[in-house]
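Novice: Sharing a structure with you now.
Read-outs throughout are calculated quantities, based only on the coordinates presented, and are distinct from any laboratory measurement. Just so it is clear, the model here is predicted, and its values are computed rather than measured. Every residue, glycine as well, gets a Cβ built from its backbone with ideal geometry; the counts of neighbours run over all protein chains shown.
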Ligand SMILES: [Zn+2]
């Protein structure tokens, strides 16, 4: 009987569209912006994560991948597993798996209202909602390309010597006359003109100014990872410049849409904002702080 079934199933394609239980351990719930490091249980299970939130996973080696989770209510991880069952089923089989992970986001109805000083409000009053949307779209566009490979062995440092978080990643907020949204970075307490250090080595790929981000520097670290530094009072680098970790790229300020002087620090992975603090934790072992 088994032989008959084997004859009736001559092609691995029959199994290709089957979704099975996820063969690796993935949490069912994560914090927003998490950057999960996932390892296949054994070298035998030749699997691959195909996508997370429609972005391809980043691979450290054949067995380990990083999955970047943004600020979405859920993310879907899709993967593929190839194996040879042996016996009568000697042909390699390919199976797909899918897992939906819940993200513990605070509801947008609990968004806090941003109180903007009059001077900031003056800069913003002629800036339409469409223009605000265009700024966020531009940031996504700038931080989406994957240039070269991400260096997983490089150590990351916080951009300020003194780190005090005044607004966390994915905290819900409502600016005046605008819809509530999730904070895409973290705000760090920074008196005016505090030196801002680049978190890891990379290349300055954008320097700009607009009423939302204020003076902004974006650094490309390769492999789809970008770091962004906003509300600066002064730039200390130029576009195209290669920067080394710790180098001062600018001075903090209060430009753009701010409630006061601070540094908005943001990390993006293939166009999705991820939690900078979580990323520092995940990459800590590369700095000997694991
Ligand atoms: Zn911010």
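Novice: Show me the ranking of peptides 269-277, 94-102, 124-132 by mean Cβ neighbours inside 10 Å, starting with the highest. Spell out each step's value before the answer.
Specialist: Working: 269-277: 23.7, 94-102: 15.9, 124-132: 12.3.
The packing order, highest mean first, is 269-277, 94-102, 124-132.
Novice: Sort out for me the Cα centre separation of the stretch 232-290 from the stretch 133-202, rounded to whole Å.
Specialist: 6 Å
Novice: Hey, another quick one. Just to check, using Stokes-Einstein with a Kirkwood Rh over alpha carbon pairs, what's the diffusion coefficient of the chain at 25 °C and 0.890 mPa s in µm²/s?
Specialist: 118 µm²/s
Novice: Report the residue, chosen from 174, 64, 109, that carries the largest GNM mean-square fluctuation when the chain is represented by alpha-carbon nodes joined by springs under 10 Å.
Specialist: Per the Cα network of the chain with a 10 Å cutoff, 109 tops the list.
Novice: What distance in nm separates the two pseudo spin-label positions at residue 122 and residue 192, each 7 Å out from Cα along the beta-carbon direction?
Specialist: That separation, rounded to one decimal, is 1.4 nm.
Novice: Follow-up. To the nearest 500 deg cm²/dmol, what mean residue ellipticity at 222 nm is calculated for the chain from DSSP H runs of n ≥ 4 alone, each contributing -39,500 (n - 2.57), summed and divided by the residues?
Specialist: Working: 5 runs with 40 residues, N = 290.
It comes out at -3500 deg cm²/dmol, rounded to the nearest 500.
Novice: Also, quick follow-up: For the stretch 89-174, take every pair of Cα atoms, bin their distances at 5 Å starting from 0, and report each bin as a whole percent.
Specialist: Answer for the stretch 89-174: a P(r) of 3, 7, 8, 11, 17, 19, 12, 9, 5, 3, 3, 2, 1, 1, 0 percent.
Novice: Would you list 235, 35 from fewest to most Cβ contacts within 10 Å? Please report the intermediate quantities before stating the final value.
Specialist: Numbers: 235 19, 35 22.
Lowest to highest Cβ neighbour count: 235, 35.
Novice: Show me the ranking of peptides 253-260, 49-56 by mean Cβ neighbours inside 10 Å, starting with the highest.
Specialist: On the way: 253-260: 19.9, 49-56: 17.8.
Those peptides, ordered most packed to least, come out 253-260, 49-56.
Novice: Looking at the stretch 220-278 from every direction and averaging, what is the projected area of its Cα convex hull in nm²?
Specialist: Its average projected convex-hull area is 4.8 nm².
Novice: Follow-up. If neighbour count is taken as other Cβ atoms inside 10 Å, put 205, 230, 138 in order from fewest to most.
Specialist: 138, 205, 230
Novice: Determine, for 34, 62, the number of other Cβ atoms within 10 Å of each Cβ, and report the residues in order from fewest to most.
Specialist: Arranged by neighbour count, lowest to highest, 34, 62 become 62, 34.
Novice: To the nearest 10 degrees, how steep is helix 129-142 against the longest Cα principal axis of the chain, on a 0 to 90 scale?
Specialist: Computed tilt is about 60 degrees.
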